[in-house]
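Enquirer: Attaching a single structure in structure tokens format; questions to follow.
Derivation of every value follows stated rules applied to the coordinates shown; laboratory data play no part. As the structure is a prediction and not an experimental result, all values here were calculated from the model. Here the Cβ positions follow ideal geometry from the backbone for every residue, glycine too, while neighbour counts run over all protein chains shown.
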Amino acid sequence: MFVVGSGARHLEDELRRLGGELLGTEIRKFPDGEKYVRILGSADEVTVVQSTFRPQDEHLLELLLIGDALRERGARKLRAVVPYLAYSRQDRVTKDGEPVSVRAVMRAIDLYYDELYVFDLHNPGTLKFFPGKAVNVSPARAIADYFGDKLGEGVVLAPDRGARERARAVAEKLGLEYSHFEKKRVSPTEVQIRPVDIDVGGKNVLIVDDIISTGGTMVKAANLLRKMGAGKVFVAVTHGVFAEGAIERVSKAVDELAVTNTIPTPVSRISIVPDILGL
Ligand code: R5P
């Protein structure tokens, strides 16, 4: 049985259409701005789907309130499916006195939930902060299905070494080559950024990453590929955390930009709902 929070309303119709059974909810605000949550019905095992994009804190708190309400109604096993986990990039202390925010968030979720499923976590190593079963779900199959035909015999690239595993996962599903961009010092004054050990000349390229924020990373990579004579350039990203103007900036630089629907955006063309139902 599923419960869908207000951060995952955009997934609700597809969840139902593909066979998910949902408990009803009443979610609104009290006049003072605090959140009111009520679960209509009960079940022994419940999967709560709640993405925590803007307003992040509100969506996170709602996930906890839903957990509390379900436990109050006697739920025995609760799974949290959090397509986009807020604070996931704050995974280390960079200045004395800072928290490891993703740890705080995971510990709070653990107060109510037995299992946590997050899509394409920025740093999968941080799953260790969740004491129960914690899973990083890859959207590689959905991305490969969406771009496979358009890409043809092309290649898959990650914009940096950190995202190489993402490129590998998509490329393997399509039986294609993959690599990543790396900075290479070619002279004391010149640093080149190039895809490592792969020829992109005349080939279609799919660049994959976890997040687009300003779009700077993708625009730079796409411009380089054009200069190197690549064919069509496509971009697939899991979380469209778009800063003002980022969709336009990236769309102008590439042949197609598509992100998944972990966050609802005008270019969320790749659905993670089948993956949620398969968990
Ligand atoms: C960085 O480690 C991330 O994986 C993304 O590459 C980065 O957040 C993208 O940011 P922007 O769109 O601002 O270049």
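Enquirer: Quick check for me: using +1 on Lys/Arg Cβ and -1 on Asp/Glu Cβ, what's the dipole size of the chain about its Cα centre, in debye to the nearest 20?
Expert: Details: 39 positive and 39 negative charges, 116 e Å.
Using only the charged Cβ atoms, the result is roughly 560 debye.
Enquirer: Sort 124-132, 112-120, 204-212 for me by packing, meaning the mean count of neighbouring Cβ atoms within 10 Å per residue, highest on top. Spell out each step's value before the answer.
Expert: Numbers: 124-132: 15.6, 112-120: 22.8, 204-212: 24.7.
Ranked from most to least packed, the peptides come out as 204-212, 112-120, 124-132.
Enquirer: Here is a further query. Rounded to the nearest 500 deg cm²/dmol, what is the calculated helix-only ellipticity per residue at 222 nm for the chain, with -39500 (n - 2.57) per DSSP H run of length n ≥ 4?
Expert: Numbers: 8 runs with 84 residues, N = 279.
So the calculated ellipticity at 222 nm is -9000 deg cm²/dmol.
Enquirer: Classify segment 134-279 as rounded, prolate or oblate, taking a ≥ b ≥ c as the square roots of the eigenvalues of its Cα gyration tensor: rounded when a/c is under 1.5, otherwise prolate if a/b is larger than b/c and oblate if not. Intermediate results must be reported in sequence, preceding the final value.
Expert: Numbers: a/c = 1.69, a/b = 1.42, b/c = 1.18.
In terms of gyration-tensor shape, prolate.
Enquirer: Over the chain, what is the mean sequence separation of C-alpha contacts under 8 Å (at least six apart), divided by residue count, expressed as relative contact order in percent?
Expert: Values: 564 pairs, mean separation 35.6, N = 279.
RCO, the chain: 13 percent.
Enquirer: Over the alpha-carbon set of segment 1-160, work out the extent along each principal axis and list the three values in angstrom, largest first.
Expert: Each principal axis gives a Cα extent; for segment 1-160 these are 52, 49, 31 Å.
Enquirer: Based on other C-beta atoms within 10 Å, arrange 34, 165 from fewest to most.
Expert: On the way: 34 9, 165 14.
Going from sparsest to densest Cβ surroundings: 34, 165.
Enquirer: Name the long-range amide H neighbours of residue 193: under 5 Å, sequence gap of 5 or more, or other chain; modelled H, no Pro or chain starts.
Expert: So residue 193 has HN proximity to 184.
Enquirer: What list of ³J(HN,Hα) couplings, whole Hz, do you get for segment 146-161 from phi and the Karplus terms 6.51, -1.76, 1.60, once you set θ to phi - 60° and write x for glycine and proline?
Expert: 5, 9, x, 5, 5, 7, x, 8, x, 10, 10, 10, 9, x, 7, 4
Enquirer: For segment 1-84, just the Cα set please: Rg and Dmax, both in angstrom.
Expert: Reported Rg and Dmax, both Å: 12.1, 38.
Enquirer: Using +1 on the beta carbon of Lys and Arg, -1 on that of Asp and Glu, and nothing else charged, what's the dipole of segment 109-183 about the Cα centre, debye to 20? Write out the running numbers ahead of the final one.
Expert: Working: 10 positive and 12 negative charges, 36 e Å.
That gives segment 109-183 a dipole magnitude of about 180 debye.
Enquirer: Excluding same-chain residues fewer than 8 positions from residue 232, which aspartates and glutamates have a Cα within less than 18 Å of its Cα?
Expert: 145, 149, 153, 177, 199, 209, 248, 255, 256
Enquirer: Sort 13-19, 249-255, 52-58 by packing, meaning the average of other beta carbons within 10 Å per residue, with the highest value first.
Expert: Numbers: 13-19: 12.6, 249-255: 17.7, 52-58: 16.0.
Taking the mean over residues of other Cβ atoms within 10 Å, the ranking is 249-255, 52-58, 13-19.
Enquirer: Right, next: Round to a whole angstrom and tell me the spacing of the C-alpha centers of segment 20-79 and segment 229-253.
Expert: So the two Cα centres are separated by 33 Å.
Enquirer: First check a/c for segment 133-195, with a ≥ b ≥ c the square roots of the eigenvalues of its C-alpha gyration tensor; if it is under 1.5, answer rounded, and if not, answer prolate when a/b is larger than b/c or oblate otherwise. Could you put the intermediate results ahead of the total?
Expert: Working: a/c = 3.87, a/b = 1.66, b/c = 2.34.
Here segment 133-195 falls in the oblate category.
Enquirer: For the chain, modelled as a Gaussian network with Cα springs under 10 Å, which listed residue fluctuates most, 171, 43, 243?
Expert: Evaluated over the chain, the most mobile residue of the options is 243.
Enquirer: Post the alpha-carbon centroid distance, segment 172-218 to segment 118-166, in whole angstrom.
Expert: 16 Å
Enquirer: If amide hydrogens are placed 1.01 Å from N in the peptide plane, which non-local residues have theirs closer than 5 Å to the one on residue 207?
Expert: HN-HN under 5 Å from residue 207: 157, 234, 235, 236.
Enquirer: Each residue of segment 198-212 in turn: what ³J(HN,Hα) in whole Hz from Karplus with 6.51, -1.76, 1.60 and θ = phi - 60°, glycine and Pro shown as x?
Expert: These are the phi-based 3J(HN,Hα) values: 8, 9, 9, x, x, 9, 6, 10, 10, 9, 10, 7, 7, 9, 10 Hz.
Enquirer: Going down the table (35/128; 128/183; 150/252; 128/220; 150/227; 203/227), which pairs top 23 Å between alpha carbons? Show your work: numbers first, answer last.
Expert: Values: 35/128 30 Å; 128/183 31 Å; 150/252 18 Å; 128/220 33 Å; 150/227 21 Å; 203/227 13 Å.
Cα-Cα > 23 Å for 35/128; 128/183; 128/220; rest within.
Enquirer: Give me, ordered by chain and number, the residues 5 or more places off residue 35 or on other chains with an amide H under 5 Å from its own placed amide H.
Expert: So residue 35 has HN proximity to 30.
Enquirer: Can you run phi through the Karplus equation (6.51, -1.76, 1.60; θ = phi - 60°) for segment 220-232 and list ³J(HN,Hα) in whole Hz, with x for Gly and Pro?
Expert: Listing the rounded values in order: 4, 4, 5, 4, 4, 4, 4, 4, 7, x, 5, x, 6 Hz.
Enquirer: Quick one: give the max-minus-min coordinate of the C-alpha atoms of segment 211-279 along each principal axis, largest first, in Å.
Expert: Ordered largest first, segment 211-279 gives principal extents of 42, 26, 15 Å.
Enquirer: Choose one of 121, 247, 156: the residue whose Cα lies farthest towards the positive end of the charge dipole of the chain (beta-carbon charges +1 Lys, Arg; -1 Asp, Glu; about the Cα centre).
Expert: 156
Enquirer: Could you work out the relative contact order of segment 164-266, using alpha carbon pairs under 8 angstrom and six or more residues apart, expressed as a whole percent?
Expert: 23 percent
Enquirer: Over the Cα atoms of the chain, each weighted equally, I'd like the Debye log10 I(q)/I(0) at q = 0.07, 0.08, 0.12, 0.15 Å⁻¹, rounded to two decimals.
Expert: Debye output, listed in q order: -0.28, -0.37, -0.78, -1.11.
Enquirer: Considering the dipole of the chain built from charges on the beta carbon (Lys and Arg +1, Asp and Glu -1) around the Cα centre, which of 3, 70, 146 is farthest to its positive end?
Expert: The residue sitting most towards the positive pole is 146.
Enquirer: Evaluate 2.2 N^0.38 Å with N set to the residue count of segment 74-198, then give the Cα radius of gyration divided by it.
Expert: Working: Rg = 18.6 Å, N = 125, 2.2 N^0.38 = 13.8 Å.
With N residues counted in segment 74-198, Rg over 2.2 N^0.38 Å equals 1.35.
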